[in-house]
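Trainee: Handing you this structure, nothing more for now.
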Amino acid sequence: MSNTPQQEGIQLSATDGKQQESIQDPNNRPKGKASLAIFRSLLQFLKPYMGTVVAAGAALLFTAAITLSIGQGVRLMIDGGFVSSSGERLNYAIGIIMALATLMAIGSSLRFYLVSWLGERVSADLRQAVFDHIIGLHPSYFETNLSGEIMSRLTADTTILQSIIGSSLSLALRNSVMLVGALIILLITNLKLTLIVMAAVPLVILPIFWVGRKVRDLSRRSQDSIAGVGSYAGEAIQNIKTVQSFAQEPLEKQAFGKEVEQAFDIARKRIIQRAVMIAIAIIIMFAGLAGMLWAGGHDVLSGAMTAGELGAFVFYALMVGMAVGTLSEVYGDLQRAAGATERLLELMNVPAEISAPAKPIANAASVLPNAKFTNVRFAYPARPDTAALEDFTLEVEAGKSLALVGPSGAGKSTVFELLQRFYDPQAGTIEFGGIDIREFNPREYRQQIAVVAQQPALFSTNVASNIRYGNPDASDTEVVDAAKAAHAHEFIMQLPDGYRSYLGERGVQLSGGQRQRIAIARALLKNPRLLLLDEATSALDAESEHQIQEALEVIMRDRTTVIIAHRLATVLHADKIAVLDQGRLVAQGTHASLVKSSPLYKRLADLQFRDEQREVGS
């Protein structure tokens with residue numbers, strides 16, 4: 001876990017760690033630039049809903065026009081009602097104001113619904129698009145990027161974006177229209193007073209943009225730090241037994257506290273910047289309003305304008321001030337949206353290294369299920385200078401079983417990784433049915449394969465869903481038959497809800513052997529043409545192992561099977577055994593022939609069978 005370097009005496013701050021682990025921008029885009037370009041990239045998600053966008057815009061303009069008309073109602077009320085002391089004209093003016101207010105309420109509610117709907121719809125589409133992209137990314141991407149960071153972008157960032165589009169963006173558009181409309185009316189009403197008000201506007205806008213750039217950078221850093229907090233907490237929780245077994249709860253609390261405080265400190269700086277921006281806007285705008293009231297008041301006293309005209313002017317001037325003030329606040333939200341969008345688009349722009357060819361030459365289901373490695377060299381992306389397989393040539397005959405044996409690090413698991421095309425070799429070819437697997441659609445090719453891992457991965461759904469993952473269209477009867485064949489039916493029926501029992505995260509409610517039998521049932525249900533077994537009986541007791549071996553013999557019959565063998569006793573009857581050492585194929589044959597021809601295999605066999613005899617003797 002992330003506290004290991006501290007235990008070893010290496011000074012690595014939380015900030016340094018997160019910088020190394022955080023997702024990198026593939027375009028190396030400067031963080032403080034091109035907000036408009038970022039928002040333009042969102043247009044692709046708005047295009048399908050242009051009808052709603054137009055309707056929301058119409059509601060926005062209608063509401064703005066009605067709001068601006070209220071100022072004239074104020075003028076009528078003051079000049080016609082108060083100044084002339086006419087109750088009838090006062091009632092007429094108030095009636096007009098109420099009618100306008102009713103229309104404004106209707107338009108505002110419609111605008112709110114449409115814009116909020118757009119925010120929810122766009123964020124949902126963006127979340128789906130990001131997930132659809134990352135679910136097909138190269139496995140090495142997830143080895144170098146934390147799952148908690150990715151989940152933060154899928155959830156927290158899209159939530160921010162939804163809030164901004166559904167609320168802040170609507171406010172920004174409405175107040176922009178109000179600002180322009182109010183300024184036009186002010187210019188028509190009184191040029192001198194308008195110039196006084198307008199003189200304050202640039203003094204507000206310039207600090208907004210200056211501070212806004214800082215807010216955006218801090219917003220992105222804040223979102224990154226929050227993602228770091230989630231990643232750290234998720235890792236600690238996933239490894240809770242290890243944490244408690246080593247009694248490291250105090251260390252984890254302290255380390256998590258540092259992550260939390262770092263996130264808080266960045267958020268505090270962002271809040272300070274926004275608070276300063278709001279304060280500057282309010283002070284400058286009210287200074288301009290005060291100057292306007294002073295000049296306008298003298299004009300009323302001198303008879304140059306009426307009290308109603310000044311009242312209407314004050315109404316529009318206040319509208320300008322409130323619009324600018326709101327825009328100054330919303331600008332910070334838009335910068336947060338820019339940071340969230342940027343983080344999401346970085347995920348969208350990660351290239352998929354494993355992809356389908358433009359024109360697949362054949363359907364993988366139609367070729368003979370034999371696999372062949374020819375002069376393969378492969379090194380994992382994280383260790384490009386260390387070959388996991390070197391000059392590796394091996395053939396798996398159709399309908400036959402091949403066991404891979406060798407010491408740890410020999411390359412056995414790498415063979416499985418390459419067979420599933422999780423990676424492509426740097427040299428050489430891997431063929432299925434005599435065709436390079438890069439010529440197949442990866443999804444169609446992988447549908448021919450089922451894997452039973454040594455540590456099977458189960459989902460937090462119920463038992464039936466985990467088994468049916470091998471074939472989503474399977475009936476309940478087929479699910480039960482697969483479970484019976486894997487000798488899992490009996491223990492499943494003893495669970496509280498049988499096949500509907502939920503297994504918890506990663507199947508934590510089951511034993512290792514039970515999880516493995518569920519995985520075997522899932523593989524059986526898929527009915528693959530190429531079966532990959534990573535010592536599928538390693539977690540079972542002797543009786544269960546015997547039952548599973550019988551089930552595996554049935555599923556392996558006339559099926560191409562590759563087995564990673566940690567215990568040689570389980571693969572003595574394989575059609576062929578391949579011996580690997582340091583990424584190379586050093587020998588192959590049957591058990592009897594290899595004992596005579598391969599010193600490495602003989603040594604492994606002697607050690608294992610001697611240990612087993614000791615266990616039996618004890």
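None of the figures in this text is laboratory data; all of them are computed from the coordinates on show. Please read these numbers as outputs of a predicted model, since none were measured by experiment. Neighbour counts are summed over all protein chains in view; Cβ atoms, including those assigned to glycine, are modelled from backbone coordinates with ideal geometry.
Trainee: For segment 415-518, divide the Cα radius of gyration by the Kirkwood radius and give the resulting Rg/Rh value with two decimals.
Mentor: Ratio of gyration radius to Kirkwood radius: 1.07.
Trainee: With the crude spin-label approximation of a point 7 Å out along Cα→Cβ, what separation in nm comes out for Arg443 versus Ala358?
Mentor: Taking the simple label geometry, Arg443 and Ala358 are separated by 2.1 nm.
Trainee: With no solvent and one point on each alpha carbon, what is the Debye value of log10 I(q)/I(0) for segment 571-612 at q = 0.22, 0.31 Å⁻¹?
Mentor: -0.70, -1.15
Trainee: Tell me, Arg557, Arg270, Arg121 in order of fewest to most beta-carbon neighbours within 10 Å? Write down the numbers at each step before the final one.
Mentor: Details: Arg557 10, Arg270 23, Arg121 18.
Result, fewest neighbours first: Arg557, Arg121, Arg270.
Trainee: Then there's this: Please find the FRET efficiency linking Val180 to Lys269, where r is the Cβ-Cβ separation and R0 is fixed at 30 Å, and quote it to the nearest 0.05.
Mentor: About 0.35, to the nearest 0.05.
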